[in-house]
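The values are calculated or read from the model by the stated rules, or taken from the named source; none is laboratory data. What you are looking at is a predicted structure, and each value in this text was computed from that prediction instead of being measured. All Cβ positions, even for glycine, are placed from backbone atoms using ideal geometry, and neighbour counts span all protein chains on display. Surface areas here come from the heavy atoms of the whole protein model, side chains and all, with no ligands, DNA or RNA. Shrake-Rupley method; radii C 1.70, N 1.55, O 1.52, S 1.80 Å.
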Amino acid sequence: MEWILEDMSQLLVGAGGWAYFQVPGSASLEAYSQAFDFVELNSSYYELPAISSASVRCPRTIVDHYGLNLLPGALSLLEKLGEICRKLEAVVMTLLVKTGSSIKESEIAARLNDFLEAFNSDKTVVAVEFRGVKPSAEVFDVMKESGAIHSVDLSNSEPRYEGKMLYSRLFGKGEDNIYEFDDRELKEIAKKASAPRFEKSILAFHGVRMYRDAGRVKSFIEKGYFPKIGGGVGIDSIREVLSDDAQFPTTRSRLLKDQGWKVFQDTDEVRKISTVLEILPEGEFNSLEDLLAELRRH
């Protein structure tokens with residue numbers, strides 16, 4: 001075994017919803033609750049079985065339409081949000097501030113301060129995520145003083161300041177959530193999340209392979225090793241992965257763009273397919289077999 005976290009109760013792993021978690025013979029929600037200990041909820045109505053923790057997302061209308069300006073409509077939504085959090089005993093309520101909302105960057109600190117003062121839901125912690133926005137130091141001061149936490153994607157950034165809790169929404173380094181984490185990336189994420197400075201850490205995966213990513217890192221945290229993916233190793237694993245949707249004829253550049261984000265099972269670890277495709281010469285490959293034959297030569 002490589003590494004085991006002694007207290008798993010302080011590091012929760014899950015994904016952004018359960019609807020696509022499919023197990024033959026079981027309802028998605030029930031199956032999800034058996035596999036993971038945390039879920040991020042995005043809809044307006046919730047049903048939770050035995051899942052130990054959940055987070056709730058702030059309605060985008062409060063930010064995108066009202067700009068965190070607590071007019072009567074926004075206050076009404078905020079009150080309902082607090083009721084939902086209390087009913088579900090939500091650990092975290094996430095708030096996304098992104099490019100395109102009606103709030104000016106110069107107004108974020110004041111508006112956010114009012115929002116955090118108005119939100120009332122017992123023990124629910126507010127986690128604020130910024131996307132495409134560069135908050136001022138004053139914004140982070142407001143968050144820290146109120147007890148809110150800075151939500152980041154641990155695969156590419158760190159919280160601006162330290163808090164008792166870490167909340168990470170993991171999308172990876174691809175575009176439009178099209179990304180899958182390899183073993184080395186998941187090890188680094190687990191290491192950061194298990195730092196003793198955090199009383200509790202929550203990892204919420206959101207990529208196109210979020211359930212597999214979450215399951216693999218959960219296995220590593222609990223058992224000290226990653227489960228293998230697929231039935232093949234090396235070239236055979238690459239064949240399995242590319243057989244899903246790779247189209248031929250194609251080129252090295254096109255393969256890297258369309259397939260490079262995926263992972264395959266190498267002998268000792270799960271690696272990015274891009275690390276293998278990068279060694280190929282530029283040119284056209286007429287079929288998957290042509291591609292695999294070229295990989296064998298390298």
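Brief remarks on what is shown
- For Tyr167, nonlocal amide neighbours, meaning residues 5 or more places apart or on other chains whose placed amide H falls under 5 Å from its own, are Val152, Ile202.
- Cα-centred dipole magnitude for segment 185-298, charges only on beta-carbon of K, R (+1) and D, E (-1), debye, nearest 20: 660
- Relative contact order (%) - segment 150-244, alpha-carbon pairs under 8 angstrom, separation at least six: 24
- Solvent-accessible area of segment 53-185 (1.4 angstrom probe, protein heavy atoms only): carbon and sulfur portion equals 46 percent.
- Residue among Ser201, Ser243, Ser101 with the largest mean-square fluctuation in a Gaussian network model of the chain, springs linking Cα atoms under 10 Å: Ser243
- Inverse of mean 1/r across different Cα pairs in segment 11-115, Kirkwood, Å: 15.2
- Summary of packing: across the peptides 111-119, 27-35, the per-residue average of other C-beta atoms within 10 Å ranks them, highest first, as 111-119, 27-35.
- For the residue pairs Lys164/Lys218; Lys98/Lys144; Lys200/Lys257; Lys164/Lys187, the C-alpha atoms sit more than 27 angstrom apart in Lys200/Lys257.
- Student exercise, the chain dipole from Lys, Arg, Asp, Glu Cβ charges, in Debye to nearest 20: 240
- Evaluated over the Cα positions of segment 84-125, the convex hull gives a direction-averaged projected area, one quarter of its surface, of 3.4 nm².
- Segment 236-298: GluC sites (Glu not before Pro) in DSSP coil with no more than 12 other Cβ atoms inside 10 Å: Glu278, Glu282
- Based on C-alpha pairs under 8 angstrom that are at least 6 apart in sequence, the chain has a relative contact order of 16 percent.
- Segment 149-234: C-alpha gyration tensor shape, a/c 1.5 cut-off, then a/b vs b/c: oblate
- The loop-placed chymotrypsin sites (Phe, Trp or Tyr not before Pro) in segment 153-229, going by DSSP, that have at most 12 neighbouring Cβ atoms within 10 Å of their Cβ come out as Tyr161.
- Rg and Dmax over the alpha-carbon atoms of the chain stand at 21.4, 68 Å.
- Kirkwood Rh in Å, taken over segment 31-173 so that all alpha-carbon pairs contribute: 15.6
- Amide hydrogen proximity for Leu11: with H placed 1.01 Å from N in the peptide plane, the residues at 5 or more positions away or on another chain lying under 5 Å are Ser201.
- Cα gyration tensor category, rounded, prolate or oblate, for segment 111-266 with a/c compared to 1.5: prolate
- The residues of segment 37-138 expose on average 52 square angstrom of accessible surface per residue, using a 1.4 Å probe on protein heavy atoms.
- Degrees, to the nearest 10: 288-297 long Cα axis against longest axis of the chain: 80
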